[in-house]
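Read-outs: derived from the displayed coordinates by stated rules, not from any lab. Note that the structure is a prediction, hence the values are computed from the model and not measured. So basically every Cβ, Gly included, is an ideal-geometry build from the backbone, and we count neighbours across all protein chains shown.
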């Protein structure tokens, strides 16, 4: 395993506005902290590393030392656990630094689901320039697996934050690597694009969906019926 400390002097992270960094470091993340995910709990070493990274975050030299003395000595699963714990605590910029270091490991294999998880946290914290940065990393990855569930999660996040351009690029990436969209993919894109007023891209995606599922696209009508019923229920409830 590499023993060299991480260096960000040439990283694209440093070329982005510093004001965003201040927003993240000064916010009360404990209020928006996500619950622990099911699965392997972080080890003692991983938890200690998270704490050490947070303490050293304000000083680059101290941060490099923590990466050298603690993070780079962790096992693969513990490295990923550190990343996910930082995301859970909304330590966005630290998580990005950890992820960039993980990408340099010999065992690293890109996972769309992990990208979706990180982009969701960044978008939730309003760090959209970093969302674009991560999305550019994803497009540059080689050997992406056909993670349909991961792509759908990413599409849902991008559409929900009205990031239409990135959502369409994600859709093109799916097709480029041979990951065929399913009904959920088309439902997320078509209904989301139309609700955001993006009629052009929506019409194009609708045509693609018709090639897979025929002209009627009944699964879209079912979704629209559910949304209409929910809307009627809310309107009726407001008059009670």
Checklist entry - So for the pair residue 124, residue 59, with labels modelled 7 Å out along Cα→Cβ, what separation do we get in nm? => result 3.2
Checklist entry - Packing-wise, with mean Cβ within 10 Å as the measure, how do 69-82, 182-195 rank, highest first? => result 182-195, 69-82
Next on the checklist: Within a 10 angstrom radius of the beta carbon, how do 135, 146 rank from fewest other beta carbons to most?
Outcome noted: 146, 135
Checklist entry - For a label point 7 angstrom out from the Cα of residue 219 toward its Cβ, which stretches of the stretch 137-169 have the backbone nitrogen within less than 19 Å? => result 146-160, 168
Item to check | Paramagnetic reach from residue 212 (point 7 Å along Cα→Cβ, amide N under 17 Å) across the stretch 137-159 | outcome: 145-159
Item to check | the stretch 110-240, relative contact order in percent, only Cα pairs under 8 angstrom and at least six apart counted | outcome: 20
Item to check | Cα-based Rg and Dmax for the stretch 51-149, where Dmax is the largest Cα-Cα distance (Å) | outcome: 13.5, 41
Checklist outcome for this item: Checked the stretch 110-240 with the C-alpha gyration tensor, a ≥ b ≥ c its square-rooted eigenvalues, rounded below a/c of 1.5, otherwise prolate if a/b is larger than b/c and oblate if not; verdict oblate
Checklist entry - Computed FRET efficiency, Cβ-Cβ of residue 176 and residue 77, R0 30 Å: what is it to the nearest 0.05? => result 0.45
